[in-house]
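Coordinate-derived values only; no laboratory data. Predicted model, so just to flag it, every value in this text is computed and none were measured. So basically every Cβ, Gly included, is an ideal-geometry build from the backbone, and we count neighbours across all protein chains shown.
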Amino acid sequence: VILKNDPSSIKFAVKEISRTLKNYDTTVLVVDDSKLFRQILRECLEKIKLNVIEATNGQEALDLLNNKENKISLILTDYEMPIVNGLDLTFKIREKYKKDQLGIIVISSAEAQNVISKFLKFGANDFINKPFTENEIITRVNSNLELLDLFDKIRDMANKDFLTGAYNRRYFFDSGNSTYSKNKRNDTPLAVAMIDIDKFKNINDTYGHDIGDIAIKEVKKILDENLRTSDLMARFGGEEFCILLEDISLENIKVLFEKIRKKFEDNVIDINATAISYTISTGIYFGFSDSLEDMIRLSDEALYTAKESGRNRVEI
Ligand code: GH3
Ligand code: MG
Ligand code: MG
Ligand code: MG
Ligand code: MG
């Protein structure tokens, strides 16, 4: 028996869940050596609008995971499979992805029941016993996806700034310190850039705090548009942003931040028929010093020099 006799409640479950499922762009990876099981699970998951991709064993699953384009949120895995079984797959996944980043649900057949505690110890999030109903699959998958969403929200609240959505200081140091260590080991220089809006108090005083906030959000937007995804950008204070860049030459740093400076100089934000424009000053430290904190301090000194020398300029 693959599916338990499923009463009409399935229709109700699908309706309820489709209503609460916020993320329609979620991909689930089904790992099973049985084509029939993969098909059954695919049909269940597609009923709640999930994208489904399939692997026939653990190795195939790991290969699909390595391709970042697949953006997998949740894995449903069988236990017994050729090449790499479900338990080894779970172990290997947890060396790279934490429980709150990628969910694993074990679909456990009779032979897997006695290894279920091992699965959980290795970091599986949940398990479903065979035979299962469609209803069980759908509701269990949904509640695991909801939990992962919640973890995402908590992570964002801890790491991001509420006004702009940029990373905060805490995240900057967490992530920046590992970048610093890696580059120090390889002896490759880093750059820290500190950006601050010029005469920002005037904007607040003239147009009010709300428009000041819009001006701050605009900084985040323009930086996003001009930085690479590998650059680490955070809002450090009121109207001050800090950026850590790797794999970049001094020459390219100068070109990049001069281009960004010019973007602000040329930019006019139109808010309810009020035209706002402002400039920024940038202080940069390039190379290596004793710590990330020290590099930030030195970029701050460069920023101070940029302000003293008349603002709207890049100082290295
Ligand atoms: P300078 O060119 O020397 O940087 O001059 P400035 O006026 O920009 O000076 P400063 O950097 O000291 O001013 C920062 C101001 O930013 C002071 C504070 O009232 C304001 N501010 C801080 N946080 C926020 C915020 O979240 N929203 C708004 N609208 N204003 C903020
Ligand atoms: Mg199997
Ligand atoms: Mg200042
Ligand atoms: Mg300022
Ligand atoms: Mg400031």
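Order the peptides 37-49, 202-214 from the highest to the lowest mean number of other Cβ atoms within 10 Å of their residues.
So the order, starting with the most tightly packed, is 37-49, 202-214.
Taking amide H atoms as placed 1.01 Å from N in the peptide plane, list the residues 5 or more away in sequence, or in a different chain, whose amide H sits under 5 Å from that of Asn57.
Close amide H contacts, sequence-distant or interchain: Asp32.
Lys71: which lysines have alpha carbons under 22 Å from its alpha carbon, excluding same-chain residues fewer than 8 sequence positions away?
Lys22, Lys47, Lys49, Lys92, Lys96, Lys98, Lys99, Lys153, Lys160
Taking amide H positions as placed 1.01 Å from N in the peptide plane, with prolines and chain starts having none, which residues 5 or more places from Ile107, or on another chain, fall under 5 Å of its amide H?
Sorted by chain and number, the residues that satisfy this are Thr77, Asp78, Ile128.
In what sequence, highest mean first, do 184-197, 302-315, 220-233 appear when ranked by Cβ atoms within 10 angstrom?
Peptide ranking by packing, descending: 184-197, 302-315, 220-233.
Helix 250-266 versus the longest principal axis of the chain: what is the Cα-based angle in degrees, 0 to 90, to the nearest 10?
The answer is roughly 80 degrees.
Only Cα pairs within less than 10 Å get springs; with that Gaussian network setup on the chain, which residue of Leu298, Leu74, Leu163 has the largest fluctuation?
Among Leu298, Leu74, Leu163, the largest GNM mean-square fluctuation belongs to Leu163.
For the chain, what does -39500 (n - 2.57) per DSSP helix run (n ≥ 4), summed and divided by total residues, give at 222 nm, in deg cm²/dmol to the nearest 500?
-15500 deg cm²/dmol
Amide H to amide H under 5 Å from Tyr167: which residues, 5+ apart in sequence or cross-chain, H placed 1.01 Å off N in plane?
Sorted by chain and number, the residues that satisfy this are Asp161, Arg235.
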